[in-house]
Each structure stands twice: as structure tokens, then as C-alpha cells.
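Pasting a structure below so you can have a look.
The values are calculated or read from the model by the stated rules, or taken from the named source; none is laboratory data. Everything numeric here is computed off the predicted structure, so don't read it as measured data. Here Cβ is always computed from backbone atoms with ideal geometry, including for glycine, and neighbour counts include all displayed protein chains.
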Amino acid sequence: MRATTVFNRLLDLDGVSVRDVDLDDPRKVVVTVALRRRRLACPLCDFTTRAAYEADRRVLSRWRHLDLAGRTLEVVAKLRRLVCPTHKVRVEAVPFARHRSEFTRDFDCLVAWLATKMDKTAIGRLVRVDWATLARRHLTPSGLVLYDLSGSWMEGRTCPLAGHGYSRDGRRGKAQICYGLVTDADDRPVAVNVFGDR
């Protein structure tokens, strides 16, 4: 079986086919993909067209995907540009990543799920990305930031962050932990913090 066939099945990315796999770097796998669809889609609206803007000049785009066998995996594609009547000249949308994101949706979803389960230092080590880097990439000056502060009760007595306080769960006498999650306007987590009791 060819490497491209194996990676097509392993990655299972919507709407693309793997064209090349580069395993030369011992720390990174680079997978080159091509979009299957013929129509170009605007990343900001529902507009589609067959006409490419400057069809001979493509834009090289890269996204960080989920790690594979201890290596970071990078998805690379040469994308076309289109002229949208509303948004002018744009690089075509890809089905596996959000507009202007440097991460695939799978990577974003993993980080979002991990943000609900562990602290940001552990997540940074696990997925090998810095929270400040995520914030710089996903937050814009004067942009919308969503913040949620929540808490939960816990069992046990050895957690240094837990303390006694008001329980919205109605668990009197149980230790409490507060945690906050900051996301951008597209619900991508950019910061998570755990506090002691309220």
C-alpha cells in the first residue's frame, strides 16, 4: 500500500486527498493535500465559484494537525484565490480548518476538550504548543473575548487549590475549585486558569 493511501485513511480529512508525504524530518511529518472539489468557496460566506483569481498563482498554506507517533504533523496545501462579491479577493476555504487558523479543526477540538479536563501547562506540554502563542494567533486587538468562570465541588483533602465556599451545586461542606476559560469569538480556547475557592 502506498504512503499516500495510508495517510488518506489515517488522517480522514474532509474533502481532501493526500498527494505527498514527507518523513525526512525526525520531529515532523509533512503531508501535502489537494482539495477534491472543483468550486472555490469563500471562507466568510456561502459564495462559490469556478473562476479562480490569478489561477497560476497559488497560496501555500500550512496547518498543525494532531501528532502522529510522537511527531508533529503538518498539513500543507496550495490554495487558489477567488473574488467574492462581498469580501473581495480571498484564499479559498478548506473544510478541515477555520478561516485564518493555523490549526486543523481536529487540533482545535482536542485543545478545547483538554481545556475542560486539565490545566494549561499540562496541555501545552501534551500538544506542544504555548498558550501565549494560541492567544496571539486567535485574539485580535479590540476583538471579542468570551470568558466563563465556573466551579465544582470535589472529594478528598489534599488539593492545595480547593477550599470551602459557596457551592452552586448545593454540596455543603465539600471543597470547591474555581476555573476560568477564555475563548475567542469562534469558541477556540486561548487561556484556562484554575483558582482556589471563591
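Is there a residue in the range 5-21 that is in a helix (DSSP H, G or I), crowded, with 19+ Cβ neighbours inside 10 Å, touching a residue at least 40 places away in the same chain (Cβ under 8 Å) and of a type outside the set (Asp, Glu)? Quick ask: steps written out before the conclusion?
Here is the first cut: in the range 5-21, the ones in a helix (DSSP H, G or I) are 5-11.
Then drop every residue that is not crowded, with 19+ Cβ neighbours inside 10 Å, which leaves 7, 11.
Then drop every residue that is not touching a residue at least 40 places away in the same chain (Cβ under 8 Å), which leaves 11.
Now narrow it down to the ones that are of a type outside the set (Asp, Glu): 11.
Yes: the range 5-21 contains one or more residues that are in a helix (DSSP H, G or I), crowded, with 19+ Cβ neighbours inside 10 Å, touching a residue at least 40 places away in the same chain (Cβ under 8 Å) and of a type outside the set (Asp, Glu).
Only one of these conditions is not met by residue 125: (1) of a type in the set (D, E, K, R); (2) buried (at least 16 other Cβ atoms within 10 Å of the Cβ); (3) modelled with pLDDT under 85. Which number is it?
Failing condition for residue 125: (2).
In this structure, does residue 94 turn out to be over 25 Å from residue 21 (Cα atoms), of a type in the set (Val, Ile, Thr) and either at pLDDT 90 or above or part of a strand (DSSP E or B) (or both)? It would help to see each step written out before you state the result.
On the way: over 25 Å from residue 21 (Cα atoms): no; of a type in the set (Val, Ile, Thr): yes; either at pLDDT 90 or above or part of a strand (DSSP E or B) (or both): yes.
Answer is no for this residue.
Sticking with this structure for a sec: Looking at the structure I just gave you, is residue 58 assigned by TED's automatic domain parsing to the domain that holds residue 92, modelled with pLDDT under 95 and in contact with a Lys or Arg (Cβ under 7 Å, 6 or more places away or on another chain)? Step through it out loud before you land on a result.
Working: assigned by TED's automatic domain parsing to the domain that holds residue 92: yes; modelled with pLDDT under 95: yes; in contact with a Lys or Arg (Cβ under 7 Å, 6 or more places away or on another chain): yes.
Answer is yes for this residue.
I'd like the full set of residues that are free of Cβ contacts under 8 Å to residues at least 24 places away in the same chain and more than 29 Å from residue 128 (Cα to Cα), limited to the range 29-83.
Those that are free of Cβ contacts under 8 Å to residues at least 24 places away in the same chain and more than 29 Å from residue 128 (Cα to Cα): 36, 37, 38, 39, 46, 48, 50, 56, 58.
Please state which one of 96, 107 is in contact with a Leu (Cβ under 8 Å, 6 or more places away or on another chain), surrounded by 14 or more Cβ atoms within 10 Å (Cβ to Cβ), of a type in the set (Phe, Trp, Tyr) and within 16 Å of residue 129 (Cβ to Cβ).
Details: 96 fails: within 16 Å of residue 129 (Cβ to Cβ).
None of the others qualify; the one that does is 107.
Among the numbered criteria (1) in a loop (DSSP other than H, G, I, E, B); (2) closer than 14 Å to residue 104 by Cβ, which single criterion is violated by residue 56?
Of the numbered conditions (1) in a loop (DSSP other than H, G, I, E, B); (2) closer than 14 Å to residue 104 by Cβ, the odd one out for residue 56 is (2).
Oh, and also: Could you list all residues from the range 97-122 that are assigned to a helix (DSSP H, G or I), farther than 26 Å from residue 14 by Cα and in contact (Cβ under 8 Å) with a residue 40 or more places away in the chain? Break it down stepwise before answering.
Initial filter on the range 97-122 (assigned to a helix (DSSP H, G or I)): 105-115, 120-122.
Retained after the next criterion (residues that are farther than 26 Å from residue 14 by Cα): 120-122.
Selection gives 120 alone.
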